[in-house]
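Contents: one structure, followed by commentary.
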């Protein structure tokens, strides 16, 4: 009988993503899942970041997969060097992962265009984390041309985050992403990749029956 080391093995592209998933996966109630037993070394950062995740992320995640109930691979679409669309890139990586493991064991998360698209979830916690007073960030983003009338998120989310933090002389650190992942509500996040991740986790780890 297989003895699992942990419920989930996670491979991500960089330290900001590592901090995001480290915080996110502790919020079992908000995700609608059971508490997770995570590997002490997870999330694991791929040494070659997004291009590395695209080139051999499935292979890295699949190593010793029999010791984990499930696995996640997460990367930014922009900068991963794939010539295909985000959806096509995700399908290709998912197929490779399933050939190495088993259908349903693992899931690939491709953020389009990048992780920062998850930051703008319509919460005042975002303003605070980026160094702004609640309610002041959105008007400034509109003034700077990052937000247009209609879309709820900037077209270039990473550039918007970096400029907003520079404006307030807020040091850029992965701790900002950890803070956001632990505090921002999920109900307003409409990003398809996040919605798919949440659904997948609920299928793998349904809430425990009292």
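The values are calculated or read from the model by the stated rules, or taken from the named source; none is laboratory data. Treat the numbers as computed from the prediction; the structure is a model and nothing was measured. Note: ideal-geometry Cβ built from the backbone for every residue, glycine included; neighbour counts use all protein chains shown.
Here are some notes:
- Counting only residues that are more than 17 Å from residue 115 (Cα to Cα) and out of contact with any strand residue (DSSP E or B) (no Cβ under 8 Å at 6 or more places or on another chain), segment 43-59 holds 4 of them.
- When the residues of segment 18-45 are filtered to those that are within 20 Å of residue 94 (Cα to Cα) and assigned to a loop (DSSP other than H, G, I, E, B), the one that is modelled with the lowest pLDDT is 42.
- Any hit, segment 79-100, residues being within 30 Å of residue 169 (Cα to Cα) and modelled with pLDDT under 95: yes
- Scanning segment 123-142 finds one or more residues that are over 29 Å from residue 29 (Cβ atoms) and surrounded by 14 or more Cβ atoms within 10 Å (Cβ to Cβ).
- Residue within segment 147-159 that is within 22 Å of residue 203 (Cα to Cα) and crowded, with 18+ Cβ neighbours inside 10 Å present: no
One line per residue, one yes/no per condition, for (1) outside the structural domain of residue 159 (by TED's automatic domain parsing); (2) without any contact (Cβ under 8 Å) to a residue 40 or more places away in the chain; (3) assigned to a helix (DSSP H, G or I); (4) within 12 Å of residue 107 (Cβ to Cβ):
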site: 47; (1), (2), (3), (4): yes, yes, no, no
site: 51; (1), (2), (3), (4): yes, yes, yes, no
site: 55; (1), (2), (3), (4): yes, yes, yes, no
site: 61; (1), (2), (3), (4): yes, no, yes, yes
site: 75; (1), (2), (3), (4): yes, no, no, no
site: 79; (1), (2), (3), (4): yes, yes, no, no
site: 84; (1), (2), (3), (4): yes, yes, no, no
site: 87; (1), (2), (3), (4): yes, yes, yes, no
site: 96; (1), (2), (3), (4): yes, yes, yes, no
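- Any hit, segment 155-167, residues being assigned by TED's automatic domain parsing to the domain that holds residue 44, under 27 Å from residue 28 (Cβ atoms) and either over 17 Å from the mean Cα position of the chain (by Cα) or touching a residue at least 40 places away in the same chain (Cβ under 8 Å) (or both): no
- The one condition in (1) exposed (fewer than 12 other Cβ atoms within 10 Å of the Cβ); (2) at pLDDT 90 or above that residue 162 fails to fulfil: (1)
- Of all residues in segment 109-122, none are in a loop (DSSP other than H, G, I, E, B) and modelled with pLDDT of 95 or more.
- Apart from one condition, residue 102 fits all of (1) part of a loop (DSSP other than H, G, I, E, B); (2) loosely packed, with under 15 Cβ neighbours inside 10 Å; (3) not assigned by TED's automatic domain parsing to the domain that holds residue 57; the exception is (3).
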